[in-house]
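To keep things clear, I will list the structure first and then write my remarks on it.
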Amino acid sequence: MNVKTSISAFLRSIALGAALTSLLVPSASHAAVLTPSGKTTDYDATFEAIPGPEAPFSGVLQIAVSRNGIITGYWRPAYAEDFVPVTGGSEGQHIWFTIGNEMHVHVDAQFQSDGKLVGDATDYGPIHYKFVATKDGNV
């Protein structure tokens, strides 16, 4: 192997390493999307399948709504200690957001005068859900 071939192989390995690092390490902008900014509000939330199984599933929805309507936060299922990212938007009384990255649920809801969020949700499959979220402590 000559010097030119060795240098070329070395530079390719550096480029490949940099490319892999950028895939494995989240960017600052990605981290900012997952971190709620501003004042967060906690909601006790339930999803009830339509037609419903015997019991709905529930958890805590923690979201912040920025001045320009961007939603960030987390979903914490009642059955686990997970923090699942939430991202979305809002305009007026209308709010929409996605819970999760790969296996995700999309919620389309309205803010009610009593502070509740009421709407529909789908997991992009055949099951649709009735979604209700009440401000934490106001059940």
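Which of the residues that make up region 114-128 are in a loop (DSSP other than H, G, I, E, B) and surrounded by 14 or more Cβ atoms within 10 Å (Cβ to Cβ)?
Lys116, Asp123, Ile127
Collect the residues in region 73-87 that are without any contact (Cβ under 8 Å) to a residue 24 or more places away in the chain and within 8 Å of the chain's Cα centre (by Cα), keeping them in residue-number order. Give the derivation first.
Narrowing region 73-87 to residues without any contact (Cβ under 8 Å) to a residue 24 or more places away in the chain: 76-84.
Within region 73-87, Val84 is the sole residue that qualifies.
Go through region 95-115 and count every residue that is over 15 Å from the mean Cα position of the chain (by Cα) and farther than 18 Å from Thr46 by Cα.
Residues in region 95-115 being over 15 Å from the mean Cα position of the chain (by Cα) and farther than 18 Å from Thr46 by Cα: 1 in total.
Between Phe111, Phe131, which is surrounded by 14 or more Cβ atoms within 10 Å (Cβ to Cβ), more than 17 Å from Phe57 (Cβ to Cβ) and assigned by TED's automatic domain parsing to the domain that holds Thr40?
Result of the check over Phe111, Phe131: Phe111.
Only one of these conditions is not met by His106: (1) over 16 Å from Ala49 (Cβ atoms); (2) without any contact (Cβ under 8 Å) to a residue 60 or more places away in the chain; (3) touching a strand residue (DSSP E or B) at 6+ places or on another chain (Cβ under 6 Å). Which number is it?
Condition (1) is where His106 drops out.
Please verify whether Glu91 is of a type outside the set (Gly, Ala, Ser) and free of Cβ contacts under 8 Å to residues at least 12 places away in the same chain, treating the condition exactly as stated.
no
The values are calculated or read from the model by the stated rules, or taken from the named source; none is laboratory data. Small disclaimer: the values here were computed from a predicted structure and weren't measured. Note that we place each Cβ from the backbone using ideal geometry, even for glycine, and neighbour counts take in every protein chain shown.
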